[in-house]
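As structure tokens, the structure follows; a few thoughts come after it.
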Number of protein chains: 2
Amino acid sequence: MNQSHESRTPPIVSVDVVLLTLVEQVLHAVLLRRAQAPFAGVWALPGGYIHTNEDADAQASAARVLREKVGIAGAYLEQLATFSGPARDPRGWSVAIAYCALLPVQQLPAEHADISVIPVTALPQLPFDHRAIVDAALERVRNKSLYSSLPVHLCGERFTLPQLQQVYESILGEPLNKVSFRRKMDEMELLQAVPGAMHSGGAHRPAQLYRVKPAFRQTLALAPRGL
Amino acid sequence: MNQSHESRTPPIVSVDVVLLTLVEQVLHAVLLRRAQAPFAGVWALPGGYIHTNEDADAQASAARVLREKVGIAGAYLEQLATFSGPARDPRGWSVAIAYCALLPVQQLPAEHADISVIPVTALPQLPFDHRAIVDAALERVRNKSLYSSLPVHLCGERFTLPQLQQVYESILGEPLNKVSFRRKMDEMELLQAVPGAMHSGGAHRPAQLYRVKPAFRQTLALAPRGL
DNA sequence: AAAATAGTGTCTCTGAGACATTATTAA
DNA sequence: TTAATAATGTCTCAGAGACACTATTTT
């Protein structure tokens with residue numbers, strides 16, 4: 001241990017979560033009003049310190065933040081990237097381990113004074129480098145939706161293939177070929193039909209309801225040659 | 001600030017680098033003999049603390065580690081993932097921001113008592129969770145080689161197309177179709193021929209030498225539909 | 001000339017998208 | 001019966017790989 005290390009201040013470490021959901025076919029992010037300085041009262045990403053006395057790893061910290069500060073459990077969660085530097089936080093040199101979370105909108109708590117669900121295209125100015133973190137999350141989600149089952153985590157437990165295709169199209173921002181989409185879903189062996197369960201949504205043929213196979217509840221399925 | 005936060009020990013933060021190179025068509029990782037406890041004298045990934053008084057971000061810390069501890073500069077460097085938990089380091093709850101680095105073998109310093117270049121299939125037992133970090137790096141490199149120009153960072157400044165194809169094949173562990181490979185390289189618009197420069201390697205037609213276009217010296221080129 | 005590898009032309013087959021047709025419901 | 005959407009069959013076209021042929025060097 002040399003002197004320069006002894007005298008160096010360690011960085012501040014925290015986790016931040018970009019919690020995304022789909023409301024009326026538009027991607028929304030969940031923001032919390034900050035309770036404490038810096039930026040008290042400002043809308044920001046849910047985040048917090050690692051509790052070294054209770055968290056099994058940083059992902060557990062992120063799950064705890066979602067549970068304690070947003071009031072949700074069971075969201076799909078994956079590590080996004082780690083943001084760092086002397087300027088991103090006024091308290092000093094800091095490290096933020098960023099996570100991306102997906103949840104069907106039905107499982108979100110009601111909005112109230114300190115929680116807000118906002119279209120990602122209409123986010124207010126965010127403190128720290130939270131805007132960059134959100135952008136990284138959006139890029140990741142859109143990219144992974146091109147070749148994986150990621151978007152199923154924005155659907156409820158049961159959904160129809162037309163609904164799922166709509167979710168993919170909303171994320172990707174472009175229409176998809178119905179036949180190809182179904183072929184790919186088939187190849188991924190991701191879904192199982194719920195026997196006898198149909199979704200009657202109007203004056204037309206009802207659609208088969210599907211659920212994600214248990215094996216893929218936590219893992220993603222990949223399409224070998226993309227979407 | 002509540003009491004439980006005040007009393008919680010913050011995690012230890014460091015950066016670790018998986019520095020990969022290609023020796024005789026086999027991927028090798030660079031290991032350093034640890035100078036200090038814990039695991040003093042044991043071969044491990046290059047790593048170190050963030051110097052908050054001089055590093056612009058964690059990636060700069062990783063570049064500094066490569067410069068100061070391995071003696072190299074200019075390697076391709078990208079963030080891999082962040083590893084964390086109470087058990088990975090005997091000193092306590094820790095966070096390691098892991099980076100993946102690629103360098104042509106010619107630019108590595110000579111091996112000596114405290115630096116070693118070892119085939120990734122023949123690594124010794126590594127301390128901390130360094131084995132998992134290496135595995136993550138290998139998965140990342142192999143995956144990105146399927147659809148990007150990542151492997152060019154393992155070639156020197158000038159190289160032939162057959163040499164580059166060989167590098168891809170070594171990383172991916174499978175032969176590639178020559179015509180398709182060249183079509184893809186062409187589509188990526190990644191390379192420029194060095195006028196008049198040929199590589200005469202034996203009793204056969206010499207090969208055109210290429211270099212990476214300046215625009216892609218730091219950025220990756222992507223093949224829209226993969227390799 | 002022969003051997004060896006570089007580089008290119010072209011055919012074939014796979015697979016993704018376009019289009020069309022059938023199925024099933026409510027009004 | 002009509003309108004609306006679900007679900008599927010099938011044709012077409014693009015792109016990746018296989019193969020073959022030409023080009024250029026050393027021995």
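The values are calculated or read from the model by the stated rules, or taken from the named source; none is laboratory data. What you see is a predicted model; the values in this text were computed from it and never measured. Glycine gets a Cβ as well: all are built from the backbone with ideal geometry, and neighbour counts include every protein chain shown. All accessible areas refer to the heavy atoms of the entire protein, side chains included, with ligands and DNA or RNA removed. Shrake-Rupley method; radii C 1.70, N 1.55, O 1.52, S 1.80 Å.
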* To do: Please identify every one of the GluC sites (Glu not before Pro) in region A:139-209 that sits in a loop by DSSP and has no more than 13 other beta carbons within 10 Å of its own beta carbon.
  => A:157, A:189
* In nanometres, what is the gap between the two model label sites at residue A:116 and residue B:205, each 7 Å from Cα along Cα-to-Cβ? -> 6.5
* Give the share of C-alpha pairs in each 10 angstrom bin for region B:3-145, from 0 to the last occupied bin, in whole percents, shortest bins first. => 11, 43, 34, 9, 2, 0
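Compute the semi-axes of the equivalent ellipsoid of region A:34-91, taking the square root of 5 times each eigenvalue of the Cα gyration tensor, and list them largest first in whole Å. Walk me through the numbers before you get to the answer.
Details: eigenvalues 84, 47, 28 Å².
Semi-axis lengths for region A:34-91 are 21, 15, 12 Å.
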* Dipole magnitude of chain B, debye to nearest 20 (Cβ charges: Lys/Arg +1, Asp/Glu -1, about Cα centre) -> 520
* Structure fact -> For the rotation taking chain A to chain B, the chain A residue with the nearest C-beta to the axis, plus the distance in whole Å, reads A:82, 2
* Structure fact -> In nm, the gap between the two label points placed 7 Å beyond Cα toward Cβ at residue A:91 and residue A:182 is 5.4
* Within the protein assembly as shown, percent of DSSP bridges classed antiparallel, to nearest 5 -> 80
* Would you mind listing the distances between the residue A:163 label point and the same position in each other copy? Use 7 Å along Cα-to-C-beta, nm, one decimal, shortest first. => 5.7
* Nm distances between the label at residue B:73 and the same-position labels in the remaining copies, 7 Å along Cα→Cβ, shortest first? -> 5.4
* To do: Just the number, please: buried accessible area between B and A, total of both chains, 1.4 angstrom probe, nearest 100 square angstrom.
  => 2200
* Asked: Which aspartates and glutamates does residue A:213 reach when only Cα atoms under 16 Å apart count, and residues fewer than 8 places away in its own chain are ignored?
  -> A:157, A:186, A:187, A:189
* Asked: How many angstrom separate the Cα center of region A:43-58 from the Cα center of region B:142-156?
  -> 35
* Structure fact -> For peptide B:59-69, the mean count of other chain Cβ atoms within 10 Å per residue Cβ is 1
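Antiparallel versus total DSSP beta bridges in region B:3-145: what percent is that, nearest 5?
75
Hey, which of these cross-link pairs are over 25 Å Cα-Cα: B:144/B:184; B:69/B:144; A:144/B:144?
Details: B:144/B:184 14 Å; B:69/B:144 27 Å; A:144/B:144 13 Å.
As for pairs spanning more than 25 Å Cα to Cα, those are B:69/B:144.
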* Asked: What percentage of all Cα-Cα pairs in the protein assembly as shown are separated by more than 39 Å?
  -> 31
* Nm distances between the label at residue A:122 and the same-position labels in the remaining copies, 7 Å along Cα→Cβ, shortest first? -> 6.2
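Run through region A:11-90 and list the GluC sites (Glu not before Pro) located in a DSSP loop whose Cβ has at most 11 other Cβ atoms within 10 Å. Working shown, then result.
Details: sites: A:24, A:54, A:68, A:78; in loops: A:24, A:54.
Sparse-neighbourhood loop GluC sites (Glu not before Pro): A:24.
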* Structure fact -> Among trypsin sites (Lys or Arg not before Pro) in region A:63-171, those in a DSSP loop whose Cβ has at most 13 other Cβ atoms within 10 Å are A:91, A:158
* What order do you get for A:122-128, B:196-202 when each peptide is scored by the mean count of other beta carbon atoms within 10 Å, highest first? -> A:122-128, B:196-202
* Structure fact -> Output field shielding_mean for A:51-57 (other chain Cβ, 10 Å radius) holds 6
* Asked: Among B:23, B:117, B:134, which one shows the biggest mean-square fluctuation in a GNM of chain B, springs joining Cα atoms closer than 10 Å?
  -> B:23
